[in-house]
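Chemist: Sharing a structure, written as structure tokens. Questions coming.
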Amino acid sequence: MMSRGGVSMGRTLRVGIPILLLAAVGWYASYVTTILVWEARKLVPWLVAPALVALLAGVPFLVRLLTHRLRRRRTTPAAAGGIVVLGWLGAAVGLALGAFWLAYGEYLQDRAYVTTMRVVTDPVPELTARAPYVVGEAQAAPNLGDVTGEITDVSYLPDSDRFAVLVERRGWLTGYEVGLVQEVPLGGNSRAQQRCQFDVSTADARIGGWFTHNLGRKISAERRGVRFSADDAYVHCRGDTPVVVVPLKRQTGVLVVTERPAGVALYDGRTGKVTITDDTTKVPGPSYPISLAAEQREGTAAVGGFADWWFERSGWDASEDGANEGNESEFTLRHRDGSGGSAYVTPLTPQGEASSVVAVSTVPTRHAGGGLAPLTVHRLSPTWSSPQAIVALIKAEYRDVCCWNDDEVFEVVPTGGSTWTATLGSAQSIRYRVEGRGQVDGREATCLKNADGVLVRCAYAAPGSPEEQELQRRERQKQQEEAANGSPDLKDLATYTDERLAELNRRISEEVNRRLKER
């Protein structure tokens, strides 16, 4: 016969073991539970509609049931026709209120993202032009050497003015193979580069990997409740050690669920260790999630009332045509003042059919704390033409340099003040850049420069601009040289000195060779 102690121990084991197993599974499945919690919280606004339908439709029946119970009747009679009508009416009202809440909840969500927005008429801070993303990606492959993996991410690191490339190792149960950080100057092919190899035996996790090779699972084991967007992650080389930087996000709110920054995760490519830190000052790149900056920029549609938001009468959109199609927003650019700061910059067009660029939004790539970073919308005066119109203008005004063979016009990005910059060339070699301003004296002011920024010529120089001053200086210098040479008649070559004639012949030959190469 079993003693009472044995029975008590048996009950404890029967209850305790399942609890321990559930706790162990919950701890191991922290990544899965985090995803479930995040997705469930996003579904809360959608649950309001069926809850209202059930509540309002059931109230008449509940009232009738309680009435009969208060009269102490043993049975509840069938609902009368009026109760049924009230039930259907309540269901319809609940459905209408639920549908309205879904729309109004999205409006409140956008409003929550633009709480830090500031609309100003100040010029856009001076920014530094960089090589387009497509060029950074195209120049990465030739520099990978004998690497057999696949490029999964190309990111721009504004602190060092480098492009970072993350290469994924082939196979299901594998991590990353190598990180490549390279310089991609506007004026030529990539020069400085650094490769750092992952230790495939100890650092075998990656974003989106399988089972224990999933980097998201490792991050959730270190800090529960946080998630990330794969596009926010990038790699940098700390000496010979690759480090994957993953900006993290957390959720806030109940009926209106939004996201906030939550530090960064650092994945050591040698040891496989994941470190979570809220001190992002030493991270050699953006620490504020670019996906969160995009959410804030998209939230500008809610700057007005609900009716304006619903009928798209307020706010701005990213410009999605021309050279920027497919890569039209959140350009990572450095400040030109040498402060080391950088920002996510987006040209904005008004809601509706208009395509002219009327404003530029900026969000810093670094931000301390767990709140939203400041979003600043700079209104432009004068406004710019759309990127598509700018591309057409460049092809018309500089047809001798654009666009032959594989050459094309790449990103049209804001570069501060009232200026934009478009890059010209191929994915393997940027040849020129065109810098322009908005409508000046009834037309767009544009100047052609070589890839290094040296002025070539202007189709129309803005009055008082540095380009106009440089052209005037060149004209004065030319006049002085002609005066020093006796102002020879350009039509009469016999008046040229031997040195002057040789110089003219050399310049003609160089120009002919240049044009032949471009064709």
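The values are calculated or read from the model by the stated rules, or taken from the named source; none is laboratory data. What you see is a predicted model, and the numbers here were worked out from it, not measured in a lab. For neighbour counting, all protein chains shown are included, and Cβ atoms are generated from backbone atoms with ideal geometry for every residue, glycine included. Just so you know, the surface numbers come from the protein's heavy atoms only, side chains and all, with ligands and any DNA or RNA stripped out. Shrake-Rupley method; radii C 1.70, N 1.55, O 1.52, S 1.80 Å.
Chemist: Might you check whether a residue that is part of a strand (DSSP E or B), farther than 21 Å from Ser381 by Cβ, at pLDDT 90 or above and open to solvent by less than 20 Å² (accessible area, probe 1.4 Å) occurs anywhere in region 335-347?
Modeler: The answer is yes; a qualifying residue exists.
Chemist: Additional query: Report yes if Ala422 is under 30 Å from Ser291 (Cβ atoms), assigned to a loop (DSSP other than H, G, I, E, B) and of a type outside the set (Val, Ile, Thr), otherwise no.
Modeler: no
Chemist: Pull up region 397-415, narrow it to residues that are in a loop (DSSP other than H, G, I, E, B) and hydrophobic (A, V, I, L, M, F, W, C), then point me to the one that is most open to solvent (accessible area, probe 1.4 Å).
Modeler: Trp404
Chemist: Would you pick out the residues in region 231-263 that are among the acidic types (Asp, Glu) and within 18 Å of the chain's Cα centre (by Cα)?
Modeler: Within region 231-263, Asp231, Asp232, Glu259 meet the criteria.
Chemist: It is to be established whether one or more residues within region 273-280 are open to solvent by less than 20 Å² (accessible area, probe 1.4 Å), touching a residue at least 40 places away in the same chain (Cβ under 8 Å) and under 22 Å from the mean Cα position of the chain (by Cα).
Modeler: Yes, there is a match, as at least one residue in region 273-280 is open to solvent by less than 20 Å² (accessible area, probe 1.4 Å), touching a residue at least 40 places away in the same chain (Cβ under 8 Å) and under 22 Å from the mean Cα position of the chain (by Cα).
Chemist: Still on this structure: Could you give me the residue pairs with C-beta distances under 7 Å whose first residue belongs to region 111-126 and is over 15 Å from Gly304 (Cβ atoms), whose second residue is among the acidic types (Asp, Glu) and open to solvent by 80 Å² or more (accessible area, probe 1.4 Å) wherever it lies, and which are 6+ apart or on separate chains?
Modeler: Going by the 7 Å Cβ cut-off, the qualifying pairs are Glu126/Asp337.
Chemist: Taking Trp384 and the conditions (1) aromatic (Phe, Trp, Tyr); (2) at pLDDT 85 or above; (3) farther than 22 Å from Arg118 by Cβ; (4) in contact with a helix residue (DSSP H, G or I) (Cβ under 8 Å, 6 or more places away or on another chain), which numbered condition does it fall short on, given that it satisfies the others?
Modeler: (3)
Chemist: On to the next question. With the requirement that a residue be more than 21 Å from the chain's Cα centre (by Cα), assigned to a helix (DSSP H, G or I) and buried (at least 23 other Cβ atoms within 10 Å of the Cβ), what does region 362-396 give you?
Modeler: Ile390, Val391, Ile394
Chemist: While we're here: Limited to region 138-178, what total is found for residues that are touching a residue at least 60 places away in the same chain (Cβ under 8 Å) and out of contact with any His (no Cβ under 7 Å at 6 or more places or on another chain)?
Modeler: Summing the residues that are touching a residue at least 60 places away in the same chain (Cβ under 8 Å) and out of contact with any His (no Cβ under 7 Å at 6 or more places or on another chain) in region 138-178 gives 13.
Chemist: On to the next question. Could you grab me the full set of residues in region 287-306 that are open to solvent by less than 10 Å² (accessible area, probe 1.4 Å) and out of contact with any Gly (no Cβ under 9 Å at 6 or more places or on another chain)?
Modeler: Hits for region 287-306 are Tyr288, Pro289, Leu292, Ala293, Gln296.
Chemist: Tell me, which residue of region 194-206 that is among the small types (Gly, Ala, Ser) and surrounded by 15 or more Cβ atoms within 10 Å (Cβ to Cβ) is nearest to Thr252 (Cα to Cα)?
Modeler: The extreme case among them is Ala205.
Chemist: Here is a follow-up. Which one is surrounded by the most Cβ atoms within 10 Å (Cβ to Cβ) among residues in region 136-170 that are among the hydroxyl-bearing types (Ser, Thr, Tyr) and part of a loop (DSSP other than H, G, I, E, B)?
Modeler: Within region 136-170, the match that is surrounded by the most Cβ atoms within 10 Å (Cβ to Cβ) is Ser160.
Chemist: Sticking with this one: Identify, please: which residue in region 141-157 is under 23 Å from Pro289 (Cβ atoms) and not aromatic (Phe, Trp, Tyr) and is, among those, farthest from the chain's Cα centre (by Cα)?
Modeler: Ile151
Chemist: Among the residues of region 180-193, write down those that are out of contact with any Gly (no Cβ under 7 Å at 6 or more places or on another chain) and either open to solvent by less than 70 Å² (accessible area, probe 1.4 Å) or closer than 15 Å to Gly149 by Cα (or both).
Modeler: Listed by number, the residues that qualify are Leu180, Val181, Gln182, Glu183, Pro185, Leu186, Gly187, Gly188, Ser190, Ala192.
Chemist: Shifting gears a bit: Can you run down the residue pairs with Cβ atoms below 8 Å, 6 or more apart or on separate chains, where the first is in region 386-400 and farther than 11 Å from Leu448 by Cα and the partner is crowded, with 17+ Cβ neighbours inside 10 Å and charged (D, E, K, R)?
Modeler: Correct list of pairs: Pro387/Glu328; Ile390/Glu444; Leu393/Glu444.
Chemist: Then there's this: So if I check each of Ala359, Ala301, Ala323, which one is modelled with pLDDT under 90, among the hydrophobic types (A, V, I, L, M, F, W, C) and not in a loop (DSSP other than H, G, I, E, B)?
Modeler: Ala323
Chemist: When the residues of region 431-450 are filtered to those that are small (Gly, Ala, Ser) and modelled with pLDDT of 85 or more, which remaining residue is surrounded by the most Cβ atoms within 10 Å (Cβ to Cβ)?
Modeler: Here the residue is Gly436.
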